[in-house]
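K.L.:
One structure follows; several queries about it will come next.
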Amino acid sequence: MILSIKRYINWLISIFKKEKEITIGFYGEPNVGKTSLANRISIDFTGEPVGSVSIIPHETRTVLKKEKVQININNFKLIMNLLDMPGMSVKVDYRDFLDYGMSYEQAQVRAKEATKGIIEAIKFLDKVDAALLVIDSTSDPYSQTNFILLGNIEARNIPVIIVANKIDREDSNSKRIKEIFADYPVVEISALTGENMELLYNAISRFSKRRK
């Protein structure tokens, strides 16, 4: 993992110089808060959510899109197309859904749709300009899924930001995420409460001043 803050900075600078539209993919394991984060950004600037959230894994099973989200901060404008990806997993077991009261048939259908969504999300890596890898700061970030995702993202030379989500929770340990992914830019937020979201927006605003 040698691609880090330098690549991120260069990516941002290139965006500001070209003033182009960018497409951002939200990746991560199920229930880490990808849709909540996409909703937070979209609501902040458009007043509309991207998708629905649920405690049941793989609520998002197809790529959700929110296009033409324009950020306006300190006279800086950037148009983003948000792609909320299905939850990524190395294995989808229909039996996991039975614990949530689903019937055998419902669980089988959801598992099939979730697997299809994962394949779709990987294919969409060829269409994104940058990726946000969302990680639940209350869980162990050292997972096979996270490292497989990073491998796929790096193989395509896509700039990536690690988002340590759910810092509003008492059992949050975002420090662990920063230690494991020390070679990457890590932003600690709560998509649920909006805590620290301004850090991301202000960072973009500060970079925009380099154009002047």
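K.L.:
Go through (1) assigned to a loop (DSSP other than H, G, I, E, B); (2) of a type outside the set (V, I, T); (3) touching a Pro at 6+ places or on another chain (Cβ under 7 Å); (4) at pLDDT 80 or above and name the single condition E48 misses.
P.N.:
In the conditions (1) assigned to a loop (DSSP other than H, G, I, E, B); (2) of a type outside the set (V, I, T); (3) touching a Pro at 6+ places or on another chain (Cβ under 7 Å); (4) at pLDDT 80 or above, E48 misses (3) alone.
K.L.:
Taking the options K166, K178, name whichever one is at pLDDT 90 or above and on the phi > 0 side of the Ramachandran plot.
P.N.:
K166
K.L.:
In this structure, is T138 farther than 30 Å from T115 by Cβ and modelled with pLDDT of 90 or more? I'd like the intermediate steps shown before the answer.
P.N.:
On the way: farther than 30 Å from T115 by Cβ: no; modelled with pLDDT of 90 or more: yes.
Spelling it out, it is not the case that T138 is farther than 30 Å from T115 by Cβ and modelled with pLDDT of 90 or more.
K.L.:
Which ones in the stretch 126-154 are more than 19 Å from P185 (Cβ to Cβ) and part of a helix (DSSP H, G or I)?
P.N.:
The first filter runs over the stretch 126-154 and keeps only residues more than 19 Å from P185 (Cβ to Cβ), leaving 126-127, 138-140, 143-145, 148.
Across the stretch 126-154, the qualifying residues are D126, K127, Q144, T145, I148.
K.L.:
Kindly check whether there is at least one residue in the stretch 88-97 that is within 23 Å of E188 (Cα to Cα) and either aliphatic (A, V, I, L, M) or not in a loop (DSSP other than H, G, I, E, B) (or both).
P.N.:
Within the stretch 88-97, the subset within 23 Å of E188 (Cα to Cα) is 88-89.
The next check asks that each one be either aliphatic (A, V, I, L, M) or not in a loop (DSSP other than H, G, I, E, B) (or both); those that pass are 88.
There is at least one residue in the stretch 88-97 that is within 23 Å of E188 (Cα to Cα) and either aliphatic (A, V, I, L, M) or not in a loop (DSSP other than H, G, I, E, B) (or both).
The values are calculated or read from the model by the stated rules, or taken from the named source; none is laboratory data. It should be emphasised that the depicted structure is a prediction, and the values quoted were computed from it without experimental measurement. We place every Cβ from the backbone using ideal geometry, glycine too, and count neighbours over all the protein chains shown.
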